[in-house]
1. Taking the alpha-carbon distance from Lys78 and a cut-off under 16 Å, which aspartates and glutamates remain once sequence neighbours fewer than 8 residues away in the same chain are dropped?
2. Please list, by residue number, every one of the GluC sites (Glu not before Pro) in segment 92-189 that is coil in DSSP and has at most 12 other beta-carbon atoms within 10 Å.
3. Report the convex hull volume per residue for segment 57-174, counting only C-alpha atoms, in Å³.
4. Near Lys126, which lysines are there with a Cα under 19 Å away, not counting those fewer than 8 places off in the same chain?
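Where a number appears in this text, it was derived from the coordinates with a stated rule and is not lab data. All of these numbers come straight from a predicted model, not from anything done at the bench. Using ideal geometry, Cβ is built from the backbone for each residue, glycine included, and neighbour counts are taken over all protein chains shown.
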Amino acid sequence: MEGIEKLAERALDMKKAGMSEKEIESELHLSAETIHWMMSGRTQSKKPPSDVFIGWRSIGVRGARVNLMCEIFADIIKEEMTSHRFDFDTVVGLGMNGVPLAQATAAILNKDLAVLSINDDTKETKIYSNFAGLKNKNVVLVDDVISTGKTMEAAIEMLDGLHTKAMLGMVIVNKTRKDAIRASRYGRS
């Protein structure tokens, strides 16, 4: 439980510094349920929510593990392409943690790679020009974790403005109860 206690201390320090629960949720990549549990005077007798810790680091520190995860991503993408009859041009890495996953997935599938950053606070988006462009493309979005879905929603909204179709979103861990971020006229996200 030491890991949970350290997270709770960080969350409480953030609250004291004036951050809202939503901001803390985004910063710590925890669900609203977990942040509320941490802020409401939890006791040892109360069982913590199930999403307290995601062991991303154990994957991210080993390139071979990232590649293995992306083999799974590629297999799922191929299956979705067949069952939903779509194709795509580009794999888009969302934020810092989405980039290595997107790069390896794009290499496996022989697709272009794009990188998109999204400011969690302002939802301001930035497309990195050293990578593939995104205008008028069909894309698959890749990130490590969906905590609330807001980052992926912001990416889809920005892509709409480029006449780009988000066909599918891939993550290692989905902390929401959602199976889709948005069912759109373009495809599945």
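1. Straight-distance partners of Lys78: Asp87, Asp89, Asp112.
2. Those satisfying the criteria are Glu124.
3. Convex hull of Cα atoms, per residue: 100 Å³.
4. Result set, ordered by chain and number: Lys135, Lys137, Lys150, Lys165.
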